[in-house]
Amino acid sequence: MAEALRTVVIGAGMGGLVAALRLARSGHQVTVLESAPRVGGKIHTQTVNDVEIDSGPTVFTMRWVFDELLRSVGTRLEDHVRLAPLQVLARHFWYDGTQLDLFADAQRSEAAVADWAGGAEAARFKDFCDRARSVHDTLEGPFMKSQRPGWLELTTRLGPSGLGVLSSIGPMRTLWQQMVRQFRDPRLQQLFARYATYCGSSPWQAPATLMLVAQVEMDGVWSVEGGMGALAEMLSRLASHHGASLRLGCRAQRIDVRQQRVCGVELATGEVLPADQVLFNGDAASLRQGLLGPAVRRAVPAQAPARSLSAVTWAMHAPVSGVALDRHNVFFCPEYQQEFDDIFLRQRLPQLPTVYVCAQDRPAAVPEGAPERVLALVNAPANGDKPPWRDEDLDTCQATTFSYLNCLGLRLPFSSQGMRRNSPVDFHRRFPASGGALYGQATHGWTSIFSRPGSRTPVHGLYLAGGSVHPGPGVPMAALSGHLAAEAMLASPGLTRRSRPVATFGGMSTP
Ligand SMILES: Cc1cc2nc3c(=O)[nH]c(=O)nc-3n(C[C@H](O)[C@H](O)[C@H](O)COP(=O)(O)OP(=O)(O)OC[C@H]3O[C@@H](n4cnc5c(N)ncnc54)[C@H](O)[C@@H]3O)c2cc1C
């Protein structure tokens, strides 16, 4: 029998863990190196008053990605984590005192829009849902679930009907332009344009196709019992069960290459792990900047694309009053374009931000006056590697954010003991070479989706997975990228391996 391939996975984020699980299950001898003390990467908690608060991703969508993944490794998602579907997808608040809920039940959302903005706007909402659904369905197979295509390849895969769908929304339009055509009510324009930020992008620069993100959310949002970390822990447990070895607190400092092919990984301690294949799950910019050694710089294009959004976050354990929160809440600012101009053009914290508030104990009832777990987040520029970052600027942003919430009726008392703040500087420290960008490169301009690296690189044996790689950021998309990388590695020519039969990952195309 052939020897098992030695595969080193650098990074235990979503992409790395999914790939590790798939490869271990297929018989690879997998070692996962993670510099942090816990798995999960951007999925992380902060402890405030002895309570753990999810301080990374909080909106869990596309559960089918995990259903299919677990099925493909011979088990079921529901045997490992408990997910509860949310009836209210998100509650939205505006500066004029109005608010609107979107529901998992599309008809309920349509009725809510009709009550709130009139029948004509509700009809436009329905039309928007139809368009978002067809863009989503058009791109799901040929783009999201497939190895990164080039422009011509995508055109071929889409065929005349797919191309027809995309041209009907004007593929060169920005998401903002499309929302202005779609809705008359500026609040709805703002609400649906915000989906560009799920990919860390500005609605004024993101392509209209990003309306598919709205569809992803309308397909369902779940809460995860035990927090988002339960997903990462589950993957790590399953990967270990299939023989992967996880080394936490272990930083990779160089990927070695011999005769044009990866041959090992050197750790910060100087230890060298021989490897037949390496998967890098950190930000692809790390390779470009030479943080993994000179031999693998060419693995990603030399030209640095625009970075996606970073954030300032506050994790709190505090009593909340004033307005009834649901689990996911958005408090919109009055000058939306100004917010993105501040971030992307002026590279500064927004003067008046839109605030996302995740009340993590809801929708269950929280006793009045009792402290609850809250994460507040505002968008920020990804310049955490460009000093000077002044604490005064963050303090001003904090004061503005909380006084704006207060203006909109939300009383969120906090003290330095009851709160933990994270800034682009902190995110940059944890995610090297990112500047604090949380979603890899920005999806700006209609060609940007083709400039994200795919799972294969020009360095033989080196593969990529994660939010900075095709098909893009977000927990399920990073998981998909891990799956695509594993598929590419399993199909790698010229390498022998000992493999077990594995169920395929629901209808995915393989290379
Ligand atoms: C505040 C915040 C809010 C978000 N909100 C959402 C949301 O609501 N919904 C959603 O779907 N997504 C959200 N996201 C995005 C989502 O979390 C990410 O897109 C996804 O988790 C990224 O996964 P990844 O595979 O890229 O790995 P990452 O999470 O980026 O992890 C990469 C890992 O690699 C490790 N690493 C890097 N270099 C090395 C090295 N040299 N040696 C060893 N280890 C290394 C890092 O320590 C890290 O643990 C949010 C992110 C943040 C931070």
request  = From (1) assigned to a helix (DSSP H, G or I); (2) open to solvent by less than 10 Å² (accessible area, probe 1.4 Å); (3) not hydroxyl-bearing (Ser, Thr, Tyr), pick out the condition that doesn't hold for ASP341.
outcome  = (2)
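Could you check region 57-83 and list, in sequence order, the residues that are closer than 28 Å to VAL312 by Cα and either exposed (fewer than 15 other Cβ atoms within 10 Å of the Cβ) or out of contact with any helix residue (DSSP H, G or I) (no Cβ under 9 Å at 6 or more places or on another chain) (or both)? Can you show your working first?
As a first pass, look at region 57-83 and keep what is closer than 28 Å to VAL312 by Cα: 57-63, 83.
Selection gives THR58 alone.
Conditions tested, residue by residue: (1) within 24 Å of GLY454 (Cα to Cα); (2) surrounded by fewer than 19 Cβ atoms within 10 Å (Cβ to Cβ).
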residue: PHE128; (1), (2): no, no
residue: ARG133; (1), (2): no, yes
residue: THR138; (1), (2): yes, no
residue: SER146; (1), (2): yes, no
residue: TRP151; (1), (2): yes, yes
residue: THR155; (1), (2): yes, yes
residue: PRO160; (1), (2): no, yes
residue: ILE169; (1), (2): no, no
task = Would you mind telling me which numbered condition in (1) in contact with a Pro (Cβ under 9 Å, 6 or more places away or on another chain); (2) within 8 Å of the ligand (Cβ to nearest atom); (3) open to solvent by less than 10 Å² (accessible area, probe 1.4 Å) GLY40 fails?
result = (1)
note = Within region 396-413, residues open to solvent by less than 70 Å² (accessible area, probe 1.4 Å) and under 21 Å from ARG348 (Cβ atoms) come out as CYS397, GLN398, ALA399, THR400, THR401, PHE402, SER403, TYR404, LEU405
request  = Hey, can you tell me all the residues within region 1-22 that are within 15 Å of the ligand (Cβ to nearest atom) and not in a strand (DSSP E or B)?
outcome  = GLY11, ALA12, GLY13, MET14, GLY15, GLY16, LEU17, VAL18, ALA19, ALA20, LEU21, ARG22
inquiry  = So ASP79 ticks every box in (1) closer than 26 Å to LEU21 by Cβ; (2) touching a residue at least 60 places away in the same chain (Cβ under 8 Å) but one. Which box is left unticked?
reply    = (2)
ask   = Given the conditions (1) over 29 Å from SER423 (Cβ atoms); (2) within 13 Å of the ligand (Cβ to nearest atom); (3) among the acidic types (Asp, Glu), which single one is not true for GLU34?
value = (1)
Considering residues of region 444-473 that are β-branched (Val, Ile, Thr) and open to solvent by less than 30 Å² (accessible area, probe 1.4 Å) only, the residue nearest to the ligand (Cβ to nearest atom) = VAL469
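Please count how many residues of region 294-327 are of a type in the set (Lys, Arg), within 27 Å of GLN441 (Cβ to Cβ) and touching a Leu at 6+ places or on another chain (Cβ under 9 Å).
In the first step, residues of region 294-327 are kept if they are of a type in the set (Lys, Arg); the result is 297-298, 307, 327.
Remaining after also requiring within 27 Å of GLN441 (Cβ to Cβ): 297-298, 307.
Retained after the next criterion (residues that are touching a Leu at 6+ places or on another chain (Cβ under 9 Å)): 297-298.
Residues that pass the stated criteria total 2.
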message = Given the criteria at negative phi, aliphatic (A, V, I, L, M) and in contact with a strand residue (DSSP E or B) (Cβ under 8 Å, 6 or more places away or on another chain), does ALA244 qualify?
response = yes
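Is it the case that region 427-443 has a residue that's away from the ligand (no atom under 16 Å from the Cβ) and in contact (Cβ under 8 Å) with a residue 40 or more places away in the chain?
Looking only at region 427-443, we keep the residues that are away from the ligand (no atom under 16 Å from the Cβ), and these are none.
Looking for residues that are away from the ligand (no atom under 16 Å from the Cβ) and in contact (Cβ under 8 Å) with a residue 40 or more places away in the chain, one finds none in region 427-443, hence no.
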query = If you take just the helices (runs of 4 or more DSSP H) that sit entirely in region 141-232, which of them hold at least 2 residues that are at pLDDT below 90?
reply = 151-168
inquiry  = Please verify whether PRO334 is closer than 23 Å to CYS199 by Cα and touching a helix residue (DSSP H, G or I) at 6+ places or on another chain (Cβ under 9 Å), treating the condition exactly as stated.
reply    = no
message = Name the residue that is nearest to the ligand (Cβ to nearest atom), counting only residues in region 392-426 that are closer than 24 Å to GLU372 by Cβ and hydroxyl-bearing (Ser, Thr, Tyr).
response = SER423
note = How many residues of region 182-217 are farther than 18 Å from PHE60 by Cα and of a type in the set (Val, Ile, Thr)? The answer is 1
key: Residues located in region 241-267, provided they are open to solvent by 50 Å² or more (accessible area, probe 1.4 Å) and without any contact (Cβ under 8 Å) to a residue 60 or more places away in the chain   = HIS241, GLN253, ARG254, ARG258, GLN259
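The values are calculated or read from the model by the stated rules, or taken from the named source; none is laboratory data. Everything numeric here is computed off the predicted structure, so don't read it as measured data. Cβ sites come from the backbone with ideal geometry, for glycine too, and all protein chains shown count toward neighbours. To get the accessible areas, we keep the full protein, side chains included, count just its heavy atoms, and leave off ligands, DNA and RNA. Shrake-Rupley method; radii C 1.70, N 1.55, O 1.52, S 1.80 Å.
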